[in-house]
Structures are given as C-alpha cells and as structure tokens.
Amino acid sequence: MPITQIEKQPLLRKARWYSDRNRTYKACRCYLQLIQEDGNSIEAIEELALLYYDRGDYELAEICFKHLLTVSGSRPDVFLRIAYCNFQTGFYSQAKRILLDPSIEWADDYIEELLLNLSQCELQLGDPIQALKFLKKLNISHPSPLYYLLQAEILESLSLFTAAIEICRKGLQRDPYFDDLLVIKARMHLELREFDRAKKIYLKMIQNQLFLGEARYDIEEYLHLNGSVTELEEILKYFDDTLEFI
C-alpha cells in the first residue's frame with residue numbers, strides 16, 4: 001500500500017536523522033523508499049541528490065538532480081550541480097553546454113560559480129586562453145586572490161612568466177600575505193633569473209612566518225635542474241637559519 005502523508009514525515013525525519021550522523025546507507029534507503037512511493041517528493045529527491053553529491057557519488061547525484069528538475073521545474077542551482085557532476089565524471093563538453101545554455105536564466109548570485117566552472121571546463125578541454133578570459137571576467141566581477149592565482153598558474157604553464165608575475169602583483173594588492181601567490185611569483189622570478197627579486201619575496205615569507213615548504217622545494221628543484229647558483233644557495237641558508245629558531 002502507498003505510504004500515507006502521515007507516515008511520510010516520520011520517514012523523512014528518520015532519513016535526516018541518519019544523514020546527520022553520517023549513516024548514509026540507511027539514510028539513502030529511507031529516501032529511496034519515500035521516492036519509490038512518491039516520485040514527486042521534492043524534499044526527498046533533493047536531499048538524496050545532495051547526499052550523493054556531498055559524498056562524491058556524482059553519477060547517482062546527477063540522476064537525482066535531473067529527476068528533481070522534472071518535478072520542481074527549471075532551477076539554476078540544480079543545473080550548476082548537474083554541470084559539476086558532469087565535470088567530476090570527465091564529461092567536460094557536456095558540463096560546458098549546460099553552463100552556456102541560453103535557456104537558463106542565471107541570476108547574479110550564480111555568476112561567480114558559473115564563470116569559475118566555465119574556466120575549469122575550458123582548461124580541461126585544452127583551451128587555456130579561453131579559461132583565462134573567463135577568469136579575467138571573474139576577477140572583474142568578483143575579485144579574489146584565489147582567482148588571480150588560477151590565472152597565474154595557467155600563465156606559468158604557458159611559460160608566460162612576466163605576465164604571471166603581473167597577475168600575482170594584482171592579487172597581492174588584495175592580500176599581501178597570500179602565500180600561494182608569493183610562492184608562484186618568486187618561482188617566476190627564478191625562471192627569469194631575477195634572483196634578487198625572488199630573494200625579497202622569500203625574506204618576506206620568512207619574516208611573516210609563512211609556510212616555506214613549497215618555496216624551499218622550488219629553490220632546490222631549480223638548483224637541481226640548473227646547477228649551482230650562489231644567490232639561491234644563500235636563500236636556502238636563510239631558510240635553514242630560520243628553521244633553527246622554529
């Protein structure tokens with residue numbers, strides 16, 4: 001017999017109780033029982049989709065999100081999650097098609113995530129220049145050191161070291177102690193053999209007790225590939241002297 005409305009709520013509460021305690025298998029069984037009896041139960045469908053999504057079961061999450069669209073109608077937040085599911089399962093072109101679908105009305109609240117996801121799709125599809133264009137738009141609408149870092153990493157991969165330094169400079173104007181930007185900026189100076197400039201950045205990191213692990217690796221790797229460089233060996237000594245006091 002179909003579950004009555006009175007019976008549904010306790011089962012939904014039970015599913016949430018299991019979910020809150022990370023007992024996902026039992027939570028899923030409760031949600032699936034609800035959906036089997038009532039395929040239009042928006043709460044159960046959405047919560048099950050998010051449960052799969054949060055634990056990385058993207059194929060199952062996509063199935064649930066698509067069913068949710070048939071029940072609740074067009075929702076930009078659900079389209080974003082479906083696109084992300086496609087991205088995580090390697091269907092980058094399909095994810096891109098959803099993100100660029102002109103029939104979806106993206107409110108301002110979704111623009112940041114939309115541009116970020118598009119940039120990563122383009123990167124995976126082998127078009128770093130287009131990825132840079134989306135990241136540039138993102139930094140105009142939602143400037144963040146993280147997005148400058150993503151731009152710098154792409155420019156580094158293209159061996160555009162001077163351009164990467166300029167992007168790092170812009171990002172560090174927003175957060176002068178964003179250590180990942182400092183590390184990549186110093187590494188670009190190494191590539192350009194601008195050792196004094198790299199040294200200034202490393203000293204700044206030391207003085208402000210920022211994480212030095214990746215910075216030290218960059219110097220050691222550069223010496224390994226290029227042989228002895230007095231200026232860099234001096235920087236390593238600064239690192240060693242600093243670690244003695246930590």
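The values are calculated or read from the model by the stated rules, or taken from the named source; none is laboratory data. Since the model is a prediction, treat every value here as computed from it, not as a measurement. Here the Cβ positions follow ideal geometry from the backbone for every residue, glycine too, while neighbour counts run over all protein chains shown. With ligands, DNA and RNA removed, areas are computed over all heavy atoms of the protein, side chains included. Shrake-Rupley method; radii C 1.70, N 1.55, O 1.52, S 1.80 Å.
Before moving on, here are some points about what is shown:
- The residue that is nearest to Gln36 (Cα to Cα), among those in the stretch 56-66 that are open to solvent by 70 Å² or more (accessible area, probe 1.4 Å) and of a type outside the set (A, V, I, L, M, F, W, C), is Lys66.
- Residue in the stretch 75-86 that is under 18 Å from Leu125 (Cβ atoms), at pLDDT 95 or above and open to solvent by 40 Å² or more (accessible area, probe 1.4 Å) present: yes
- In the stretch 40-55, residue modelled with the lowest pLDDT [restricted to those that are more than 24 Å from Asn117 (Cβ to Cβ) and open to solvent by 30 Å² or more (accessible area, probe 1.4 Å)]: Asn40
- Filter pass, Ala163 being of a type in the set (Gly, Ala, Ser), under 28 Å from Lys96 (Cα atoms) and crowded, with 17+ Cβ neighbours inside 10 Å: yes
- Scope the stretch 19-30; condition closer than 13 Å to Arg55 by Cβ and either part of a helix (DSSP H, G or I) or touching a residue at least 40 places away in the same chain (Cβ under 8 Å) (or both); matching residues: Ser19, Thr24, Tyr25, Ala27, Cys28
- One residue stands out among those in the stretch 18-39 that are open to solvent by 80 Å² or more (accessible area, probe 1.4 Å) and under 26 Å from the mean Cα position of the chain (by Cα): the one that is nearest to Arg75 (Cα to Cα), which is Asp20.
- In the set (1) assigned to a helix (DSSP H, G or I); (2) closer than 30 Å to Leu69 by Cβ; (3) of a type in the set (Ser, Thr, Tyr), the condition left unmet by Ser103 is number (1).
- Listed by position, the helices (runs of 4 or more DSSP H) inside the stretch 153-246 whose residues that are at pLDDT 90 or above and of a type in the set (Lys, Arg) number at least 3 are 161-174, 195-207.
- Screening Leu116, Leu69 for residues that are within 26 Å of Ser157 (Cβ to Cβ) and either assigned to a helix (DSSP H, G or I) or in contact with a Ser or Thr (Cβ under 7 Å, 6 or more places away or on another chain) (or both) leaves exactly one candidate, Leu116.
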